[in-house]
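Engineer: Input: one structure, supplied below.
Any read-out appearing in this document is the output of simple, stated calculations on the displayed coordinates, not a laboratory observation. Small disclaimer: the values here were computed from a predicted structure and weren't measured. For neighbour counting, all protein chains shown are included, and Cβ atoms are generated from backbone atoms with ideal geometry for every residue, glycine included.
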Amino acid sequence: MPTTIKDLMNNPKEALLKGHFACAGCGSALAFRHAIGAIADKAVVVIPACCTSVYQGFGRGVAFDVPTINVAFASSDAVAAGIKHAMDKKGKEAHVIAWAGDGGTADIGIATLIGACDRQDNILHIMYSNNVYSNTGGQRSGDTPIGARTTTTPFGNKTQRKMVPFIMMANNASYVATASVAYIPDLVDKVKKALSYDGFKFIEIDASCPVAWKSDSADSIHVARLAVETGVWPLFEWDSKSNKAVLSKRGSKYRNKENRKPIEEWLNIQGRFKGMSEEEIKNLYADVDRQWTFLEKFLE
Amino acid sequence: MAEEVVMLTGNHSVSEAVKRVKPDVIAAYPITPQTAIIEYLSRVVDSGELDSHFIRVESEHSALAAVAGASWAGARTFTATSSQGLLYMGEWVFWTGYARLPVVMAVVNRCLAPGWSIWVDLQDSMAFRDAGWIQIYNKNNQEVFDTTIQSYKIAESKDIALPVMPCLDGFVLSHTSSKVILSDPEEVYNFVGDYSDPIIEIDTGKPFAYGSIVMPDKYNKDRKDLMEAMERAKAKIKAVNKEFSETFGRSYGNGLIEKYGDDDADLTIVGIGTLADETQQAIDMLTSEGLKVNSVRVRTFRPFPTEDIIDIAKKNHKLLVIDRSVSFGHEGHLQMEIESVLKRNNIDTPVIGKVMGLGGEDVPYTRIAKAARENL
């Protein structure tokens, strides 16, 4: 049975407690609450440098009710692998999860990520992407979309997004999925499904960041939903056994371009895209097409 | 299986010790001259001879990250590295030390590039003297075997809880065979004990957060605790050395330093690693010439044997310190520490420093003797 909104109230326990420091409208905190909350009785979370290492709070006031290990930037999957091996050796059950941002996954962490994947370490890596180094004030990452103004691309990012889910498919992760904070029950289903697989699992969540995206914090869900509805963020699952991708129910109709809203609707409610040239918009459309073209090869 | 007497390389001596201590998790990445250690261990793990998890990581940075993770989860762990590999894992060397995880990591000393060279000096491990690790430097392959065993007993003591780096000179020890007594596996395991009551562990039913944001007061308290643990480690290393001697009949000075020759010498040669062993031959030669000389081998560079150095400086007349590593813009690391100890304690015994043997340069005892004669 797919998870419903009502089910979200019945998590084993709250993973995210009162007193966290996340900004209003933080997609990462929302995703953490539900993705980890759904499995909180068995979760161990490893967090590299990222917003989550900050908004968890400090000292005895940490607002996470799961074992939480904060680690160096480029190493979450290696630490998670070590923990998982140790717990296996000691006969302890646990879902060990590397919870990292796009910088800690797509950029500085990618060697470690792929290393754990090719060894098929039995862990789940959840990448929450706010498309930017949010924790250090909003610099370009490898997952920054074309045209986005960041503090290190003040006149707009010129480079294509690094599609980590595709990289993980090519490296034969056992399960790969994309998710969005706009569709929390779908996210929870994917986390639970991922954990039913042996070996290395990977999920990327499109996680709104009102600060870096210069969007209204009240629009965090809206902007994430528009990313799906414009085709910017395809929602899918793939596993190595079938080598087939399946579009998620919520996002399947956007396979057909005619059903997609214009990308401008997604751009226009985010200050980070203010002043994009026509050519940049054209390049962004082309980058979105590139992603779908790749994904189509795996769709029925 | 009882005790065996064999011809063994330093690398193989490390592996034989680790096999007897039975770590739960090993993670490692190849680098010369360390590689043979992990090759042997991966073989005994895959053959089923050693019941451990061996993680073949993609870098040294991940090697130490993985064993740190395993150590947080309450596992006994092992890794090994050298030179550039140690530098590459540098972030985790500090992280592991500051987290006070009882990881044991053999460092096969090798100089640093450029240019490419695989031979010994101590520049690699000396670069991490401030990382919160106990560092024990060895003189021969027997000591390598023994120190590796002792390292676990020291690291996993709850009143210490510090990672330990047994250091051995690349090629001079790592690839050179010499006589080693391999103690009975069961006796070795019993000496170290199991690690079923770990310093820290992870249980899903018991949430805690490790390494979150910390304010300066707590941060300073943690570092002060680390300093105090290092201070306590001196007595622990001595006690383990003594207990080891009572169990296996082998000991290394008082555990922190090893003296050679009589007190009241006109010149004391202080060294570290295999150069300090070579020095003993120089002492024999100079003594036979009627000169009043003796030597000291510093076994633990961290914690530094301050009290022993004070004692030696008071009982002798001049110190010649031989370093195999150097702080550019200043002087040799060992000399630096010794001068600081003497100055702090108002001891005016003269100290002369010589840096020798960088990049695997051969240092025969005759050269050490020559340096001694020039300073007598």
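Engineer: Where in region B:121-140 is the amide nitrogen less than 18 Å from a point lying 7 Å along the Cα-to-Cβ axis of B:V214?
Structural biologist: Taking a point 7 Å out along Cα→Cβ of B:V214, the residues of region B:121-140 whose backbone N falls under 18 Å are B:130-134.
Engineer: Also, quick follow-up: Take peptide B:87-95, look around each residue's Cβ out to 10 angstrom, count Cβ atoms belonging to other protein chains, and average those counts.
Structural biologist: Mean partner-chain Cβ count within 10 Å for B:87-95: 2.
Engineer: Let me ask another. Please go through the residue pairs A:K193/A:K249; A:K193/A:K257; B:K292/B:K354; A:K92/B:K206 and name each one whose alpha carbons sit more than 22 Å apart in this structure.
Structural biologist: Result: A:K193/A:K257 exceed 22 Å.
Engineer: While we're on this one: Would you list B:L122, B:L162 from fewest to most Cβ contacts within 10 Å?
Structural biologist: Listing B:L122, B:L162 from fewest to most nearby Cβ atoms yields B:L162, B:L122.
Engineer: Still on this structure, please answer the following. Sorted by packing (mean other beta-carbon atoms within 10 Å per residue), highest first, where do B:223-234, A:53-64 land?
Structural biologist: For the peptides B:223-234, A:53-64, the packing ranking is A:53-64, B:223-234.
Engineer: What is the Cα radius of gyration of region A:110-191 over 2.2 N^0.38 Å, N being its residue count?
Structural biologist: Ratio of Rg to 2.2 N^0.38 Å for region A:110-191: 1.24.
Engineer: Between region A:173-197 and region B:275-311, how far is it from one alpha carbon centroid to the other, in angstrom?
Structural biologist: 64 Å
Engineer: Next up: If you rank A:H20, B:H175 by fewest surrounding Cβ atoms within 10 Å, what's the result?
Structural biologist: B:H175, A:H20
Engineer: Follow-up. Distance in nm between label sites at A:D198 and B:A113, each 7 Å beyond Cα in the beta-carbon direction?
Structural biologist: A separation of 3.9 nm, rounded to one decimal place.
Engineer: Which semi-axis lengths, in whole Å and largest first, follow from the square roots of five times the eigenvalues of the Cα gyration tensor of region B:198-338?
Structural biologist: 38, 20, 13
Engineer: Can I ask one more? Under unit Cβ charges (Lys, Arg +1; Asp, Glu -1), what dipole magnitude, rounded to 20 debye, does chain B have relative to its Cα centre?
Structural biologist: 680 debye
Engineer: Something else: Using +1 on the beta carbon of Lys and Arg, -1 on that of Asp and Glu, and nothing else charged, what's the dipole of chain A about the Cα centre, debye to 20?
Structural biologist: That gives chain A a dipole magnitude of about 300 debye.
Engineer: Moving on to the next point. Percent of Cα-Cα pairs more than 25 Å apart in region A:1-159, please.
Structural biologist: Counting every Cα pair in region A:1-159, those more than 25 Å apart make up 33 percent.
Engineer: So, one more: What FRET efficiency do you get for A:E258 and A:K158 if R0 is 35 Å and r is their Cβ-Cβ distance, rounded to the nearest 0.05?
Structural biologist: Computed FRET efficiency for A:E258 and A:K158 comes out at 0.75.
Engineer: Separate question: Report Rg(Cα)/(2.2 N^0.38 Å) for the protein assembly as shown, keeping two decimals.
Structural biologist: 1.09
Engineer: Please list, short to long, the whole-number percent of alpha-carbon pairs of region A:153-218 in consecutive 5 angstrom bins beginning at zero.
Structural biologist: 4, 15, 19, 19, 17, 13, 9, 5, 1
Engineer: Hey, another quick one. Under 5 Å between amide hydrogens, which residues at least 5 positions from A:I205 or on another chain qualify, with H placed 1.01 Å from N in the peptide plane?
Structural biologist: Result for A:I205 returns A:M127, A:Y128, A:S129, A:A179.
Engineer: Subtract the Cα-Cα distance of A:N10 and A:N268 from 0.36 nm times their separation in residues, and report this length gain in nm to one decimal.
Structural biologist: 89.2 nm
Engineer: Still on this structure: Normalise the Debye intensity by I(0) for region A:26-116, one equal point scatterer per Cα, no solvent, then take log10 at q = 0.10, 0.11, 0.16 Å⁻¹ and round to two decimals.
Structural biologist: At q = 0.10, 0.11, 0.16 Å⁻¹ the computed log10 ratios are -0.24, -0.29, -0.63.
Engineer: Most fluctuating residue of A:D189, A:D77, A:D206 in a GNM of chain A with Cα springs under 10 Å: which is it?
Structural biologist: Maximum fluctuation in the GNM of chain A, among the listed residues, is at A:D189.
Engineer: Between B:S288 and B:E339, what is the FRET efficiency for a Förster distance of 30 Å, r being their Cβ-Cβ separation, to the nearest 0.05?
Structural biologist: Efficiency for this residue pair is about 0.45.
Engineer: Okay, next question. Restricting to DSSP loop positions (anything but H, G, I, E, B) with no more than 16 other Cβ atoms inside 10 Å of their own Cβ, which GluC sites (Glu not before Pro) remain in region B:1-73?
Structural biologist: B:E3, B:E49
Engineer: Where in chain B is the longest stretch that carries no chymotrypsin sites (Phe, Trp or Tyr not before Pro) classed as loop by DSSP and with at most 10 other Cβ atoms within 10 Å?
Structural biologist: The reported range is B:117-327.
Engineer: Further question on the same structure: Give, in whole angstrom and from largest to smallest, the semi-axes √(5λ) of the equivalent ellipsoid of chain A, with λ running over the eigenvalues of the Cα gyration tensor.
Structural biologist: 28, 22, 18
Engineer: Would you mind checking the pairs A:K6/A:K192; A:K158/A:K297; B:K224/B:K259; B:K259/B:K314 and listing those with alpha carbons more than 22 angstrom apart?
Structural biologist: Beyond 22 Å between Cα atoms: A:K158/A:K297; B:K224/B:K259.
Engineer: For chain B, what does the relative contact order come out to in percent, with C-alpha contacts under 8 Å and a separation of six or more?
Structural biologist: 17 percent
Engineer: Pull up all non-local amide H partners of A:F58: gap of 5 or more, or a different chain, and H-to-H distance under 5 Å with H placed in the peptide plane.
Structural biologist: HN-HN under 5 Å from A:F58: empty list.
Engineer: Across the residues of A:54-63, average count of Cβ atoms on other protein chains within 10 Å?
Structural biologist: Average neighbour count from other chains, rounded to a whole number: 4.
Engineer: Let me ask something additional. With the crude spin-label approximation of a point 7 Å out along Cα→Cβ, what separation in nm comes out for B:D266 versus A:K214?
Structural biologist: Going by the 7 Å Cα→Cβ label model, 8.0 nm.
Engineer: Right, something else. Hey, how much of the P(r) for region B:73-129 falls beyond 15 Å, as a percent of Cα pairs?
Structural biologist: Here the tail beyond 15 Å accounts for 49 percent of pairs.
Engineer: In whole Å, largest first, what are the principal axis extents of the Cα atoms in chain B?
Structural biologist: Each principal axis gives a Cα extent; for chain B these are 68, 52, 45 Å.
Engineer: Counting only C-alpha contacts under 8 Å and six or more residues apart, can you give the relative contact order of region A:6-296 as a whole percent?
Structural biologist: Reported as a whole number, the value is 16 percent.
Engineer: Let me see the P(r) profile for region A:219-300: every Cα-Cα distance counted, bins of 10 Å, each bin given as a percent of all pairs.
Structural biologist: P(r) for region A:219-300, in whole percents per bin: 17, 47, 27, 8, 0.
Engineer: For B:R110, A:R225, what ranking results if the residue with the fewest other Cβ atoms within 10 Å of its Cβ goes first?
Structural biologist: Ranking B:R110, A:R225 by Cβ neighbours within 10 Å, fewest first, gives A:R225, B:R110.
Engineer: Let me ask something else about it. Can you check how the C-alpha radius of gyration of region A:64-115 compares to 2.2 N^0.38 Å, as a plain ratio?
Structural biologist: Output field value: 1.17.
Engineer: If amide H atoms are built 1.01 Å from N in the plane of the peptide, which residues on other chains or at least 5 residues away come under 5 Å of the amide H of A:I69?
Structural biologist: Correct list: A:V45, A:V46, A:I47, B:Y210.
Engineer: Same structure, new question: What is the calculated FRET efficiency for B:E361 to B:D203, with r their C-beta to C-beta distance and R₀ = 45 Å, to the nearest 0.05?
Structural biologist: Result of the calculation: an efficiency of 0.30.
Engineer: Evaluate Rg over Rh across region B:257-374, taking Cα atoms for both radii and Kirkwood's formula for Rh.
Structural biologist: Using Cα coordinates only, the ratio equals 0.93.
Engineer: Now, a different point. How large is the direction-averaged shadow of the alpha-carbon convex hull of region A:166-272, in nm²?
Structural biologist: It is 7.0 nm².
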